[in-house]
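Values quoted throughout were computed directly from the atomic coordinates according to the rules given, and no laboratory measurement underlies them. Computed from a predicted structure; not experimentally measured. Virtual Cβ from ideal backbone geometry, glycine too; neighbours counted across all protein chains shown.
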There are 4 protein chains.
Amino acid sequence: MAIQPITEAILRQTIRKRPADSHKGTYGRVVLIGGNARYGGAIIMATTAAIYAGAGLTTTLTDPLNITALHARMPEAMVVDFHDLKLLRELTEAANSIVIGPGLGTDDDSLSVLQTVLAGVSVDQSVTIDGSAIDLIASHDLSLPQAKLIFTPHEMEWQRLSGLSISQQTPANNTRLAQQLGGIIVLKKHHTQVLFEEQTFENPGGTPAMATGGMGDTLAGMVGGFTAQFANQLNAVLSAVFIHSQIADDLAHNAYVVLPTQISEEIPWYMKQYSLPQS
Amino acid sequence: MAIQPITEAILRQTIRKRPADSHKGTYGRVVLIGGNARYGGAIIMATTAAIYAGAGLTTTLTDPLNITALHARMPEAMVVDFHDLKLLRELTEAANSIVIGPGLGTDDDSLSVLQTVLAGVSVDQSVTIDGSAIDLIASHDLSLPQAKLIFTPHEMEWQRLSGLSISQQTPANNTRLAQQLGGIIVLKKHHTQVLFEEQTFENPGGTPAMATGGMGDTLAGMVGGFTAQFANQLNAVLSAVFIHSQIADDLAHNAYVVLPTQISEEIPWYMKQYSLPQS
Amino acid sequence: MAIQPITEAILRQTIRKRPADSHKGTYGRVVLIGGNARYGGAIIMATTAAIYAGAGLTTTLTDPLNITALHARMPEAMVVDFHDLKLLRELTEAANSIVIGPGLGTDDDSLSVLQTVLAGVSVDQSVTIDGSAIDLIASHDLSLPQAKLIFTPHEMEWQRLSGLSISQQTPANNTRLAQQLGGIIVLKKHHTQVLFEEQTFENPGGTPAMATGGMGDTLAGMVGGFTAQFANQLNAVLSAVFIHSQIADDLAHNAYVVLPTQISEEIPWYMKQYSLPQS
Amino acid sequence: MAIQPITEAILRQTIRKRPADSHKGTYGRVVLIGGNARYGGAIIMATTAAIYAGAGLTTTLTDPLNITALHARMPEAMVVDFHDLKLLRELTEAANSIVIGPGLGTDDDSLSVLQTVLAGVSVDQSVTIDGSAIDLIASHDLSLPQAKLIFTPHEMEWQRLSGLSISQQTPANNTRLAQQLGGIIVLKKHHTQVLFEEQTFENPGGTPAMATGGMGDTLAGMVGGFTAQFANQLNAVLSAVFIHSQIADDLAHNAYVVLPTQISEEIPWYMKQYSLPQS
């Protein structure tokens, strides 16, 4: 099957005018899990993206070291120590959309956190698996739950998850492995691809000005925010991938490097454009 | 009695040019109480709103975990650990306007804090009861002090406080229960209503772009700031409700979602407009 | 002697073009001391003002609780725990300009800090005494060191320091007491006055939009920054007082309330105007 | 040999359009080490500069006291306690470009950190030695590793490092000592000079509005970011020196003092201009 470009048509179809009589519950509960003592910035950036992407209620589970910095940037987030596995389980179960992985790390604590999350998710929940969570699943051969799974690997992480070396990552092989794995794969690279069942979509945009730490965390947070709001999970993911690079492309007209948080701050303006009737 | 719209006439009447020879004491002492370890962002957002709304002196009592993030955002606030019940009582007694509830939580500590506050308030003080404080009053059937009480429930909190299920929340029932309870009720919903004695006011504005965590905390902080400055408590509340959604409506012309702190930062510009002679 | 208005002529005379071959040492070492656990915001705001006012090197001694919030806002400042009295003494002695008092508090620790500072200053140093430091000097009848002293009381603090009740604060009485005390008095009120020897200056500007917590801390920091840079201490103080309210007046054209940190961020643009040749 | 001015030609040659098919690894791993309990702001400012200068991945090793403030400003950075010498060694070895010194201090801990770094670097790595690290090397007569060394002393630090008093710092003496030391010397002063082998370059720009604490830390971070991205180390250093003062000169048209972080935020826009084809 031919690779399809992601187009603005998908975004106009997905990002609709919000109904007047709605409230924060209408736009979903997003729970983000990650940020150990060294990679706290990753979960801060993912959380920032989820909130600017319009999530109704956002809770972040992280190392307690990161709580103050997160709140200093984003008081809109609720925060919980991710070592409290009981509360982690409880909050995971109550979420509409879960993002696990940004800055999570790969030590024993990280593994316990991931296992608790995977054990708690159910079939109606969206679960975005990013960064260290992908590595942990690959290295510990963890079994995956029944849920609306989304994986957001870059090529090296995809290699570890799929077993395909980068040179083996052909469209046919990628599709085959993605189907085995189940869910949606966001394969991050120059012209990011989104794989779902037999379909492959390619993102037309993207710029080397995005080549800086935290871009992936930001995308993961956007995917969390969009999947919480928009029922069609594939379209939610495609829209997040598209807008993420679209904002970067626009900022890169004037900037040699674009910082991840600069992208997040622009999200509401871009979403607004797609929600308006076309003129 | 018919439901009256909140109009700009009330705001022009309320938000007057400040007298030249005045000082910070003229604009009141606001004390905000809330923010446990998980919901610290709520009290940060409420405090932010109170300060931008023009409160003369603002003190926040919260879990010590939240002090650094609050100061990193708003050095204008003074801060105290809310576990120090003696100081909490003392500061409560010295306030003109008290806001209790944003992110307070509902555990035993939260209850002690609330009981200390309620025991310390007196008849001339404005007391805004929000969020968890409403739930604690409902669940523990706490008796209410003689004071200028303002409740800011959303529909589910109003159900818990009034005993009226959402379908029972008719104008007649709401008015009856509000009068039993005493004080001013801000019933937050699509077209928020303000109930006072036999009167019901309805806010014409509001947008689903506001449907994100922290909007209510921000409104509570604005109510605290306005009731500290403007003697007519009903008009102060009506003005806060109106400007809160007016700013959001304006920002939503260009944004799919509006963050609570974005609203707070705009408050001084909007208040200024209402304080000017009409041309 | 007649009260003289502070005019722009004094500012043009004081804020001169910086010499090309200069370095941060040229613009002075400012040391600010204050900020206990409750009033940490005060020293953050004073430090912010000193840095934006152009101090060459700025060190803040404060309760360790405030260090992270200060750095999150102003990484330009160096920070030290003010309980380390040995280091406090050492840094005080090395400073060109010292600001003591914003948020210092009045407990025993605060008193030890103040006494250490007063014991360490010498005749060539500028010492701005603000807020709680004024109260401590008044209540403990502390003797004042030989130094370039500047006091920045509001009317109630001036009452405690001078013994003059507000109704007794006539020009003649104020001048007499100011001369007994020595140094420059900045008497903060509607149309702030600056008293020095037999002279009294009055600030033409000022707006009730400034009537919010932290304005005085910001002025104290500006005085610290200006006295470190400009040799004529009286003119430095007059310039700080004038620009502080000038910025507020300009911002207040559009804002009902002006926050102290908004003023600080504007200082470099205003100073620049006065440093240019007049056209 | 004549002193050559740094010109825009070097910048256009150095800061090239990024290749489309690149990723964060392409732009290097920068590791910054510094920031003790008192000088934490220095490493925050250096880190900020490295990230805005386009480093692919940035890790900061510092006193744990500084982690939250750093993350509150720059979630893009990874952070590690610099007392963990094993991890410090490991991260140093994995870096493309190392910056050591901003706010490091000169106590025993600082010395251990510096010695660990110097013992770990290898010939292909860029190592920028700034501030306290220069002083420690001078005072402990530490031997220097084989690496691409860059020293960023101001005149007093250069005196301590080279043994040349400021009056002895003639072009001939400076060049002789720089060649003995090896590497590139950035001699910070009015019209900063860059010494490399027999060549001396002079920066045409610079303004006394830069005479404020943190300017040098910002330059060190920029040098780290540029040397990680651009293979020609001399040109990378020259470009960083030029843009740093160019931004300050531009901002100083309107500002009496320019803060270091204001410079960092402008870097991407300036780099972009040099990466475009000349019209």
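Assorted remarks:
- Structure note, pairs A:LYS24/B:LYS188; C:LYS17/C:LYS148; B:LYS24/C:LYS188: Cα-Cα distances above 20 angstrom occur for C:LYS17/C:LYS148.
- The charge dipole of the protein assembly as shown, taken about its Cα centre with unit charges on the Cβ of Lys, Arg, Asp and Glu (plus for the first two, minus for the last two), comes to roughly 1960 debye.
- nm² value of the averaged projected area, convex hull over the Cα atoms of the protein assembly as shown: 44.8
- Shielding of peptide C:259-265 by partners, expressed as the average count of other chain Cβ atoms within 10 Å per residue Cβ, is 2.
- A Gaussian network model of chain B, with springs between Cα atoms under 10 Å, assigns the largest mean-square fluctuation among B:SER239, B:SER162, B:SER139 to B:SER139.
- For the stretch D:23-266: rounded, prolate or oblate by the Cα gyration tensor [a/c cutoff 1.5]: rounded
- Among D:LEU114, D:LEU65, D:LEU11: highest mean-square fluctuation, GNM of chain D, C-alpha pairs under 10 Å: D:LEU65
- When B:ASP107 is represented by a point 7 angstrom out along its Cα-to-C-beta vector, the spacings to that point in the other copies are 2.5, 2.5, 3.5 nm, nearest first.
- Evaluated at q = 0.10, 0.12 Å⁻¹, the base-10 log of the normalised Debye intensity for the stretch A:169-279, with identical point scatterers placed on the Cα atoms, takes the values -0.30, -0.43.
- For the stretch B:23-266: relative contact order, % (alpha-carbon pairs under 8 angstrom, 6 or more apart): 21
- Considering only the Cα atoms of the stretch D:25-149, their convex hull presents on average a projected area of 6.6 nm².
- D:ARG89 paired with C:GLN262, simple spin-label distance in nm, labels 7 Å along Cα-to-beta-carbon: 5.5
- Unit charges at the beta carbon, dipole of chain A: most positive-side option, A:ALA228, A:VAL117, A:THR59: A:ALA228
- Within the stretch B:116-236, the percentage of alpha carbon pairs spaced more than 23 angstrom apart rounds to 26%.
- Residue with peak Gaussian network fluctuation, chain C [Cα springs, cutoff 10 Å], from C:GLU266, C:GLU157, C:GLU198: C:GLU198
- Nearest-20 debye value, chain C charge dipole, Cβ charges on Lys, Arg, Asp, Glu: 600
- Peptide-level mean, for C:203-215, of C-beta atoms on other protein chains within 10 Å: 6
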